[in-house]
Structure formats: structure tokens, C-alpha cells
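Here the structure is laid out as C-alpha cells; the discussion comes afterwards.
The values are calculated or read from the model by the stated rules, or taken from the named source; none is laboratory data. Small disclaimer: the values here were computed from a predicted structure and weren't measured. A quick note on method: Cβ atoms are made from the backbone with ideal geometry, for glycine too, and the neighbour counts reach across all protein chains shown.
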Amino acid sequence: MSTCRLYLITPPTFEPRAFAEELRRALDGGDVACLQLRMKDIGDGEIMRAAEILMPIAQKRDVAFIMNDRPDLAHMLRADGVHIGQDDVPYAEAREIVGKNAIVGVTCHNSRDLAFEAGEAGADYVAFGAFFPTQTKEPKTKADVELLHWWAQSMTVPVVAIGGITVDNAKPLVDAGADFLAASAGVWNYKNGPQAAVNAFNSLF
């Protein structure tokens with residue numbers, strides 16, 4: 001049984017320099033596997049500026065830095081990898097852009113078929129969700145814990161659970177065999193602050 005780890009996603013909106021301090025504090029809270037930079041509807045310049053500020057903070061602590069949706073920027077900035085959705089570039093194209101050593105993860109919603117396809121193609125992880133209602137984005141699909149359990153039992157490709165995950169509702173996902181729990185608001189809006197949230201998630205693992 002592999003140990004579950006935390007997969008952090010940046011808040012929906014933030015100012016990179018101010019957020020850098022918050023990120024440092026959060027990472028002081030305990031083990032974090034990766035940080036996904038997720039910035040929607042803004043220009044490339046702003047995304048790159050945020051990456052240049054935040055990536056060194058993550059990488060210095062052995063936290064993989066993942067770009068959302070943009071293999072081109074991931075490659076250009078030398079990020080550790082990219083996360084792609086079903087509406088972004090296809091897996092094969094993303095892999096070609098970022099190279100064979102980078103991480104490529106794929107959103108598979110609640111579909112076993114999409115997850116099979118991604119896993120067969122060589123994805124480094126598949127992501128299922130949303131498991132719970134989320135304020136971060138309007139989820140296209142709802143996933144259930146049984147799906148995680150099935151994947152963990154039958155497949156070797158790591159699985160990320162995503163969508164509305166908090167310290168209070170995460171335990172069943174850990175028990176079902178999730179390799180990573182993706183959290184955004186569940187960490188940044190945690191009642192005792194992000195550092196305490198990371199600590200609390202790690203105590204569940």
C-alpha cells in the first residue's frame with residue numbers, strides 16, 4: 001500500500017509576491033509532493049512571472065512544480081511537468097513538448113475509459129474528480145470513492161483525487177487508495193491557516 005501525499009494547487013487568484021510567503025509557510029507544514037500553478041484567463045506574461053517567483057520556492061524543497069494546461073510554458077520555464085485536461089492538447093502532443101523526463105498528468109473526470117487511455121499512453125498519473133462540491137471551478141463530473149478503489153486495486157499508474165477535498169472529508173479517499181490528494185481551498189482557506197492544513201493532511205496519511 002503506497003502512502004498518500006498532498007498535491008497542492010494554487011488559489012484561483014493571487015498576487016505572486018504576497019503568495020510566495022504563504023506558500024513558504026504552507027510547505028513548512030509538512031510533506032507536499034507537488035505544486036500545480038493554475039492561473040486561468042490571464043496573459044502568459046503574468047503566468048510566467050508567477051512561475052518564476054514560485055517555482056524556486058517549490059523546487060528548493062523537492063516539491064515538483066507542475067504547470068496547468070500549458071506544456072509549452074512548462075517546457076520554456078523548465079517546470080517539472082504539466083497537467084492537462086480533456087479539452088487541452090492531447091497527451092502525445094504534451095509529452096512531445098515537455099520531453100520524456102517531465103511529469104505529464106491527465107484529468108480523467110469520472111471515466112475509467114479515459115483513465116485507461118491515459119495510462120496506456122504513458123501518463124505519469126491520472127486524476128479523478130470532482131469528489132466533493134468545489135468553489136474553485138464548476139466541476140464537469142462527479143466521481144465516487146468506488147472508482148478510486150477500483151483503480152488502486154487494478155492499476156499501477158498513480159491516481160490523484162481532486163475536487164473540494166478538505167481535511168474533514170479526505171479520509172475515505174486515502175482509505176480507498178488515492179496516491180495523491182489535490183487540494184486548493186482546502187489548504188488556502190483552512191481555518192487555522194495553510195501551514196496547519198498541510199500538517200493536518202499529513203497526519204491523515
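Out of the residues in segment 1-57 that are touching a residue at least 60 places away in the same chain (Cβ under 8 Å) and over 18 Å from the mean Cα position of the chain (by Cα), state the one that is farthest from MET67 (Cα to Cα). Filtering first and then ranking leaves MET1. Looking at ASP31, is it charged (D, E, K, R) and under 19 Å from GLN135 (Cα atoms)? No, not satisfied. Inspect all residues belonging to segment 58-68 and state whether any of them is closer than 27 Å to LEU147 by Cβ, out of contact with any strand residue (DSSP E or B) (no Cβ under 6 Å at 6 or more places or on another chain), of a type in the set (S, T, N, Q) and surrounded by fewer than 22 Cβ atoms within 10 Å (Cβ to Cβ). No, that holds for no residue. Scan ALA26, ALA18 and give me the residue that is modelled with pLDDT of 95 or more, crowded, with 16+ Cβ neighbours inside 10 Å, assigned to a helix (DSSP H, G or I) and of a type outside the set (Phe, Trp, Tyr). Of the residues listed, the single one that is modelled with pLDDT of 95 or more, crowded, with 16+ Cβ neighbours inside 10 Å, assigned to a helix (DSSP H, G or I) and of a type outside the set (Phe, Trp, Tyr) is ALA26.
Give the residue that is nearest to VAL145 (Cα to Cα), with candidates limited to residues of segment 75-97 that are hydrophobic (A, V, I, L, M, F, W, C) and in contact with an Asp or Glu (Cβ under 9 Å, 6 or more places away or on another chain). Among residues in segment 75-97 that are hydrophobic (A, V, I, L, M, F, W, C) and in contact with an Asp or Glu (Cβ under 9 Å, 6 or more places away or on another chain), the one nearest to VAL145 (Cα to Cα) is ILE84. Going by the conditions given, is HIS75 buried (at least 16 other Cβ atoms within 10 Å of the Cβ) and in a strand (DSSP E or B)? No, not satisfied. Scan segment 145-172 residue by residue and report those that are surrounded by fewer than 16 Cβ atoms within 10 Å (Cβ to Cβ) and under 19 Å from GLN86 (Cβ atoms). MET155, the sole residue that qualifies.
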